[in-house]
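The structure under discussion appears below in the form of structure tokens.
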Amino acid sequence: MTGNKLRNLLALFRQRPLQARDKLFLVVIGGLFLLLAVYPLWGDSYSLSVMRDVLIMSIFALSLDFLWGQTGLLSFGHSAFFGIGAYVMALLTLKAGLGSLTALVCAMAASASVALLTGYFLIYAGVRREYFAIVTLALALVGQQILLSFANVTGGDAGLIDIPFLKFGLFGAEYTFDDNLSLHFLALVSAAVVLLTLWLVLRGYYGSILKAILNNEQRALALGHNTSAHLLIAFTVSAILAGLAGALFTSTQGIVTPELIGPILATEVIVWVAVGGRGTLVGPMVGCFLVIRMRQEISSISTTLWPLVLGVFFVLVVFVAPGGLATLVRSLTGSRFFSAGKKERPWT
Amino acid sequence: MSQVLLSAKGLKMSFGGVKAVNHVDLDLAGDELLCIIGPNGAGKTTLLNLFTGILRPQAGAISFAGRAMVGRPLYEYARRGIIRKFQVPSVFSEMSIKQNLEVALLGVGAGGAEAGAVDEILELIGLRSQADQTMADELAHGQKQWLEIGMALICRPKVLLLDEPASGMTKEETRKLAEMLLDLDHLSTIVIEHDMAFVRTLNSRTVVMHNGEIIRDDQFSVIEQDPLVGDIYLGRQ
Amino acid sequence: MTIIEITDIFASYGPVPVLVGVDFSLAQGEILALLGRNGVGKTTLLRVLIGLIKPTRGRISMAGQDLTGLPSHRIAKMGVAYVPQGRGIFPKLTVFENLMVGTRAQTGKKRVIPEEIFTYFPILKDRLDQPGGTLSGGEQQMLALGRALCGRPKLLLLDEPSEGIQPSIVQQLGVLIPEIVKTEGVSVLLVEQNLDLALRAAQRCLVMEKGSIVHEGHPDDFNDDKVVKKYLAI
């Protein structure tokens, strides 16, 4: 019986044959990442650090897109998991002196635990949509409050500095990611791996199941899918990825502050995903890049101007391309590359 | 006569003072085809909701293959072989026809084995030519019915519960559906229907519900002649 | 007198063509049945007539006025009432409130529920304060029809009114619809899969196939099995 169960589980990740649009996706993504790989050749130190931050934040964006785009559950406080990952990583490497790999795993486990605990009570109770969003917002607020309260441990308002860089031992030799080049490739490879993994997972039948639950949960239940379990798993995986992003961020930046767990970052990540195109995976990464770059340019002129510009920009996107920029691109290039094939008349 | 597969005893369900199901006893054997007819509001769909776990009876018990079913999680009903078609076609609107069927297969844990089953069902429900391109939402009402029936059949149910499967179907499609149901082996079927031509073709054991109770349980040919049934439901023929 | 004239209507769902040249007209006080297989465009045609879908080509004119491309609420005010498949009543509003919504299509300042509605559908009077969602399927169909009539329409678009309704009430509808037409002078375009109802109520039948009308005839024509098989078989 377990052999059968295992076979069915593996079948979830069985891949459909590659279609034209999949090949295009891979080509475009491949080209983009290749370009980014050679970016250090002309980018200066500052630009490289910005690109690195964007790449790591894009992992955070992917984590939310996986949840929101595929299952429809909107986590309004997703920065809670990012911040947990960041702080656990920081504390374990700085104060407890743990090795990078161990600390990384613990950081992700910490995010996962919080997600499992809160998710279980919410999801199995049938909480969805707006109500789910509001409760998860509370997570970010509570998280921030806890950090500020235990200031002697967490550094309170100011946060912590001198967080050690990532250090991995490989074949006896130890490698520290502490210079621009290695950090750049660390961020690039991490983002690429997360993107490809999510893409593969969602291409398989598992993606169909999540989409079905999003579409018509009652029907999915009536066909035998344990929808609550699927949603909880998705929520937890999303939290793990957010925690990973947080941990990477703090070990590359060297500092950690309560902003990383607070509601402002939680809102920003939603904007990245919405602007880029919910459910498209690549869209949120692009959205992340655009909005972060915009913030830097605007903030260098005036810090108070940024929230206004962000608001206006968001409203514009809602009117011009409510599905996000990715869908705008889709409609501009025509349905040739992005639809499933030539549409026939609906009658037999 | 095969063994009793699905058994309901003393089922009671009220909504705010209205007795939707009022002490219903029903036994269904394996391999049996049963029709439930009755006026709108008689409690037929409510009964089906009780059989599939969507509603929890306020009194009474339901057992399937000897197991008590009341209180079990919804998805377990399908996994044990109780599959349902809803009164208003309920499919995955933003997924293609083929994907709809695949999700149905995956629900009962058959995703690993049955790749050919999808093609077979597509052929049966007559939607093969548009399977990949057409979103379920774009289908006409009757085609959605067929899709949902296909999704139910692909799960290889032990008990198939169809709530008004013929609504929105042409006369020919209705005939095809009746033939298909009569051909099905190794499963029990409960059909709720208002299309008397369809029910007449099935000519099976028929149960008449009225005000939440079962008032008649007999072959359709007998029920059809019953004056009470004519009064409350069939009208003048 | 022709109440509505449809000329060369084309319509699509995005890139997919659904109606490819529909022409017909409806006389005042006429009940016209629209038959055809699934997916041929019957519901789409009704939705074009009520303005939910804009035709890509063609013209709809009613009593001399051009309805093509007008928004639905304007079309409703001009006297077209639509009873969609599945009734479309508001489950959280009471029977009374549902009917009052229907009166919005009335021209004139004061909006009243016409008493005739309760003559046709006495059961609605009994259930005035009940939420629409608690009514049985047959009662909801009565409510949907009653609501449509509250607007005092000139043209009634009925999409599968017999669907999900018990046989005795379907028979009632078969008697009621012609009666309403005679008393109110309203014209009816009836989409129906239930041939018994369609042939009993209608004076003329149109058959659609692949987005256009392929046959026009008298209901008696369809007593012939061969005709039925030719146009309505799978």
Return yes when C:V22 is part of a loop (DSSP other than H, G, I, E, B), closer than 24 Å to C:A202 by Cα and among the β-branched types (V, I, T) and no when it is not.
-> no
Does segment A:144-157 contain any residue that is in contact (Cβ under 8 Å) with a residue 24 or more places away in the chain and over 24 Å from A:L92 (Cα atoms)?
-> no
Among the candidates C:T134, C:T94, which residue alone is crowded, with 16+ Cβ neighbours inside 10 Å, farther than 23 Å from C:P178 by Cα and more than 14 Å from chain B (Cβ to nearest Cβ)?
-> C:T94
Take A:L73 and decide whether it is more than 24 Å from the chain's Cα centre (by Cα) and either of a type in the set (S, T, Y) or assigned to a loop (DSSP other than H, G, I, E, B) (or both).
-> no
Condition check for C:G29: crowded, with 24+ Cβ neighbours inside 10 Å, in contact (Cβ under 8 Å) with a residue 60 or more places away in the chain and on the phi > 0 side of the Ramachandran plot = no
Helices (runs of 4 or more DSSP H) wholly inside segment A:84-203 containing at least 1 residues that are under 30 Å from A:S45 (Cα atoms) and touching a strand residue (DSSP E or B) at 6+ places or on another chain (Cβ under 8 Å) | A:100-124, A:151-154, A:180-203
Among the residues of segment C:29-36, is any within 14 Å of chain B (Cβ to nearest Cβ), aliphatic (A, V, I, L, M) and either more than 19 Å from C:G211 (Cβ to Cβ) or assigned to a loop (DSSP other than H, G, I, E, B) (or both)?
-> no
Inside segment C:2-11, the number of residues satisfying the requirement of being surrounded by 18 or more Cβ atoms within 10 Å (Cβ to Cβ) and either in contact with a Cys (Cβ under 7 Å, 6 or more places away or on another chain) or more than 14 Å from C:G211 (Cβ to Cβ) (or both) is 2
So which residues in segment B:145-156 are of a type outside the set (D, E) and either part of a helix (DSSP H, G or I) or more than 11 Å from chain A (Cβ to nearest Cβ) (or both)?
-> B:Q145, B:W146, B:L147, B:I149, B:G150, B:M151, B:A152, B:L153, B:I154, B:R156
Return the only residue of C:K125, C:K154 being basic (K, R) and modelled with pLDDT under 90.
-> C:K125
Applying the selection to segment C:161-190, what residues are more than 14 Å from every other protein chain (Cβ to nearest Cβ) and assigned to a helix (DSSP H, G or I)?
-> C:I177, C:P178, C:E179, C:I180, C:V181, C:K182, C:T183, C:E184
Residue check for B:L182: at pLDDT 90 or above, away from chain C (no Cβ under 13 Å) and surrounded by 20 or more Cβ atoms within 10 Å (Cβ to Cβ) | no
Is one or more of the residues making up segment B:6-29 within 29 Å of B:M180 (Cβ to Cβ) and at pLDDT below 90?
-> no
Considering only helices (runs of 4 or more DSSP H) wholly within segment B:25-113, the ones with at least 2 residues that are more than 8 Å from every other protein chain (Cβ to nearest Cβ) and touching a residue at least 12 places away in the same chain (Cβ under 8 Å) are B:44-51, B:97-107
Given the conditions (1) touching a residue at least 24 places away in the same chain (Cβ under 8 Å); (2) of a type in the set (G, A, S); (3) over 30 Å from C:L158 (Cβ atoms), report the number of the one that B:A178 does not fulfil.
-> (3)
Condition test on C:E139, is it loosely packed, with under 15 Cβ neighbours inside 10 Å and under 22 Å from the mean Cα position of the chain (by Cα)?
-> no
Give the residue that is surrounded by the most Cβ atoms within 10 Å (Cβ to Cβ), with candidates limited to residues of segment C:191-207 that are out of contact with any helix residue (DSSP H, G or I) (no Cβ under 6 Å at 6 or more places or on another chain) and in a strand (DSSP E or B).
-> C:L206
Can you spot a residue in segment A:43-58 that is more than 21 Å from A:N180 (Cα to Cα) and of a type in the set (S, T, N, Q)?
-> no
Does segment C:204-216 contain at least one residue that is within 14 Å of another protein chain (Cβ to nearest Cβ), touching a Lys or Arg at 6+ places or on another chain (Cβ under 9 Å) and of a type in the set (K, R)?
-> yes
From the set of residues in segment A:211-226 that are part of a helix (DSSP H, G or I) and surrounded by fewer than 24 Cβ atoms within 10 Å (Cβ to Cβ), which is farthest from the other protein chains (Cβ to nearest Cβ)?
-> A:E217
Just one of C:G51, C:G41, C:G14 is within 14 Å of chain B (Cβ to nearest Cβ) and crowded, with 18+ Cβ neighbours inside 10 Å; which is it?
-> C:G41
Collect the residues in segment B:206-237 that are within 14 Å of chain C (Cβ to nearest Cβ) and of a type in the set (V, I, T), keeping them in residue-number order.
-> B:T206, B:V208, B:I223, B:V229, B:I232
If you check A:D65 against the conditions, is it surrounded by fewer than 24 Cβ atoms within 10 Å (Cβ to Cβ) and among the charged types (D, E, K, R)?
-> no
Could you tell me whether segment B:157-168 includes any residue that is assigned to a helix (DSSP H, G or I), within 14 Å of chain C (Cβ to nearest Cβ) and either at pLDDT below 85 or buried (at least 18 other Cβ atoms within 10 Å of the Cβ) (or both)?
-> no
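The values are calculated or read from the model by the stated rules, or taken from the named source; none is laboratory data. The shown structure was predicted, so the numbers you read here are calculated from the model rather than taken from an experiment. Here Cβ is always computed from backbone atoms with ideal geometry, including for glycine, and neighbour counts include all displayed protein chains.
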